[in-house]
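Step one of this worksheet: look at the structure below.
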Amino acid sequence: MRNLIDILDLSTKEIDTLINTAKDIIEHPAKYSEKCKGKKLATLFFEPSTRTRLSFEAAILELGGNYLGFSETASSSASKGESVGDTAKVVGYYADIIAMRHPKEGAPLVASQKAGIPVINAGDGGHNHPTQTLADLLTIKREKGSFNNLTVGLCGDLKFGRTVHSLILALSRYENVKFVLISPKELKLPEYMKSNVLAKRKIAYEETTSLELSMPKLDILYMTRVQKERFFNEADYIRLKDSYVLTPQKLVNAKADLSIMHPLPRVNEITVEVDNDSRACYFKQVQNGKYMRMALILMLLEVK
Ligand code: NCD
């Protein structure tokens, strides 16, 4: 039985397969509309979500299946003190596959050891978010044609931003990828990511506080929200929240074929004027996310 806890649980070959399936779903949706007939996806969301939960639910519905679940801890037995493992085991008797989001790093991994059905990590604390990365990868593939030879700027909260961590892991397996890590010094990429991933794989990267100076060299600019919910004190959040605001003026020196990405939700990091720029890809990421989640569900349920 397969789970998706970390993006590296999938080989690059399997990522190619998911991308090809997602593209086929986009072209021939009717072919897939009954593939998961009778199957149930449980969405266990212990943290707020719009896109991730609704796209999982839309994904299983478009595959002819159904969903059940909860979207806040208060309405689940976790509020009575039930462990993640017990909750997962119970849900394993009701559903065929679980998508779980949890504020604690590692919770979906624990769930996967107890559930008896495939578990998908839909975001665990400030750690990983592999299905956002699947959305990001399909977007990059459609925009750039390849994952090789890209200079990728990651901007904002690189410390707590789980989408950034999973994306770095995924892209670190391709040829000649360079990262420009743009953040305030308080929100730099965690040391373990630098030593265990970037240094270990000899991946070129630089750390900077300047978005403007980095702009001209970027093929992709991945903006992120400062993760308010992971801060220990409000004053730090308020001081750092508007560190980077992407405006049309700041894009003057950007490449003509830059791809501007953001996992959303955005707060202030990208002004709405940028939405009209043909290089803005963040709403494409939303669409691509649903198709990649459909492809992933098919893979984990071993539907032919
Ligand atoms: C992200 C997350 O939950 O980590 N949202 C998402 O799933 N697209 C990013 C964020 O909340 O900033």
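The values are calculated or read from the model by the stated rules, or taken from the named source; none is laboratory data. Quick caveat: nothing in here was measured; it's all calculated off a predicted structure. Quick reminder, even Gly has a Cβ in these numbers, built from the backbone with ideal geometry, and neighbours come from all protein chains shown.
In table form, for the structure just shown:
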| read-out | value |
| --- | --- |
| Odd one out for A135 among (1) in a helix (DSSP H, G or I); (2) exposed (fewer than 15 other Cβ atoms within 10 Å of the Cβ) | (2) |
| Residue among A99, A95 that is more than 11 Å from the ligand (Cβ to nearest atom) and in a loop (DSSP other than H, G, I, E, B) | A95 |
| Where P216 falls short, out of the listed (1) in a helix (DSSP H, G or I); (2) within 16 Å of the ligand (Cβ to nearest atom); (3) not basic (K, R) | (2) |
| Residue identified as in contact with a His (Cβ under 9 Å, 6 or more places away or on another chain) and under 27 Å from N149 (Cα atoms) among Q249, Q285 | Q285 |
| Count - residues of region 66-121 that are on the phi > 0 side of the Ramachandran plot and in contact (Cβ under 8 Å) with a residue 12 or more places away in the chain | 3 |
| Residue list for region 32-83, filter: among the aromatic types (F, W, Y), assigned to a strand (DSSP E or B) and surrounded by fewer than 21 Cβ atoms within 10 Å (Cβ to Cβ) | Y67, F70 |
| Number of positions in region 44-61 that are closer than 23 Å to K228 by Cβ and under 16 Å from the mean Cα position of the chain (by Cα) | 10 |
| Test for R142: is it part of a helix (DSSP H, G or I), among the charged types (D, E, K, R), away from the ligand (no atom under 16 Å from the Cβ) and at pLDDT 95 or above | yes |
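Results for (1) closer than 20 Å to N66 by Cβ; (2) outside the structural domain of D24 (by TED's automatic domain parsing); (3) more than 16 Å from the ligand (Cβ to nearest atom), shown as yes or no for each residue.
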{"site": "M261", "(1), (2), (3)": "no, yes, no"}
{"site": "I270", "(1), (2), (3)": "no, yes, no"}
{"site": "N276", "(1), (2), (3)": "no, yes, yes"}
{"site": "K290", "(1), (2), (3)": "yes, no, no"}
